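Report on the structure given below.
Where a number appears in this text, it was derived from the coordinates with a stated rule and is not lab data. Because the structure is predicted, anything quoted here is derived from the model rather than measured. Reconstructed Cβ throughout: ideal geometry from the backbone, glycine too, with neighbour counts over all protein chains shown.
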Amino acid sequence: MKRIKVYLEDNPPLVLILSFFFLIIVGSLLLSLPISQNNSHVSYLDCLFTSTSAVCVTGLVTVPTFSAWSVLGKVIIIVLIQMGGLGFMTFATLVALVLGRRITLKDRLIIKEQTNSIDIQGMVKLIKYILLCTFTIELIGSLLLMTRFIPMYGVKGIFYGIFHSISGFCNAGFDILGPNSFIDVRSDLFILAVVGLLIVIGGIGFNVILDVIRNKWNFRKYSLHSKIVLTTTIIMLVITSILIFAMEFNNPLSIGTLKLSDKIGNSIFQAITLRTAGFASIDQAKLLDSSSVLSILNMFIGGSPAGTAGGIKTTTFALVIIVAISEIKGSEDVEVFKRRIRYTQVKKALAIITLSLLWVVFVTFTVLFIERVRYLDVFFEVVSAFGTVGLTRNLTPSLSSISKMLIIMTMYIGRVGSLTILFAISRSKNKKAYKEAHENIIIG
């Protein structure tokens, strides 16, 4: 036991992935209790799937959230979403601070790993900021949504407002409005705007939020990380919104029958929800194939680091594009916003993309081998799970047990990060006392 304790203390990435695993198992056991279910027997595999989806803030489900779970079950799900979105160590730090316990150096290292921070200075202060920002934003979102949900659902509208505000900010995609997600309220642009804003704020990362607050919207004072995140996010949202609007404009199965303002609003919401949120105001199975491919690309990229979003992250995608532009220009260094990026970060970005693609392709191939379904549907579902998005083409509930387990693993890897898992398995870096001789290979 002492050896295990020492090994864990010296391996923050492993502690991080085990904390998510522990939370998933506890959540699945709580959801399997009869009192958590709504007059229906939900299998343990479906409880495990729901718990994983909640902790990994994905939103894919095998049983309908609005009808399968009791009020207690829904409360358990939203608590799992909150803890999964902010991270187990965030809440552990909160409890430690309340009890007056000192935050050790090892605790700070784990928090650093969880928040993707560069150094360990100011970790406790960062956690306080994260908690304050989160609860403030979710409270405002809840109150705004209540103004719509209370007239629609009565007293239950209070819970609906809180549930969807937390689910939106944490980019979880869980909803309890009914079997059609947000399709029944897609003409209420106020709801779409509030939820969309919560998704964007939660998806850009806590470091960016704090940077914006501290520097009072002065873009030139932002860190390089914040500049890349904001620039990439805005460009992707604008391009995706325009393309969705253009491609689906005359599609009667998606937005073709809506009035112009609703077409614009739902196109923007679709672009936003692809950033690992998972709320659907458009039936994803009715999208044109071109729109589905665009959606898959957006889901794979996902949101930004140090937030509640999944995917390979906007900074990873942006860095690869920046490297390509630098190569085209013939630049010796990788530069952006008058700053030079270290080669080690380029290697990390390439490793993340490579490992992510390999896993997505492996799971897609395996599910296709097991199930008799369309390739595009499987690819969409797998990428949605990996990017912790939660959008679905109605395939997940009909999958076999093996395929469901593969999706569970994909959601887990997507939330924790493939590189984090590799670091947890192998902590030692192979540093040689010498370097091998150079030799060129033909590229391209």
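A few points about this structure:
- Evaluated at q = 0.14 Å⁻¹: base-10 log I(q)/I(0), Debye formula over Cα of segment 2-425: -1.37
- Total charge dipole magnitude, segment 2-425, about the Cα centre, Cβ charges on Lys, Arg, Asp, Glu only, Debye to nearest 20: 1220
- Applying 1/(1 + (r/R0)^6) with R0 = 22 Å to the Cβ-Cβ distance of F21 and F362 gives a FRET efficiency near 0.60.
- Computed from the Cβ-Cβ distance with R0 of 25 Å, the FRET efficiency linking T231 to F190 stands at 0.35.
- Modelled label positions at L72 and I442, each set 7 Å beyond Cα in the direction of Cβ, lie 6.9 nm from each other.
- Paramagnetic label reach from M152 (point 7 Å along Cα→Cβ; backbone nitrogen cut-off under 15 Å): within segment 34-74, residues 66.
- Across the options L224, F206, F182, the greatest Cα extent toward the positive end of the charge dipole of segment 171-241 (unit charges at beta carbon of Lys, Arg, Asp, Glu) belongs to L224.
- Label positions at H41 and K221, each projected 7 Å from the Cα along the C-beta direction, are separated by 6.3 nm.
- Positive-end residue of V373, I239, L391, charge dipole of segment 2-425 with Cβ unit charges: I239
- A convex hull fitted to the Cα coordinates of segment 216-306 yields 108 cubic angstrom per residue.
- Longest to shortest principal axis, alpha-carbon extents of segment 255-343, angstrom: 52, 28, 23
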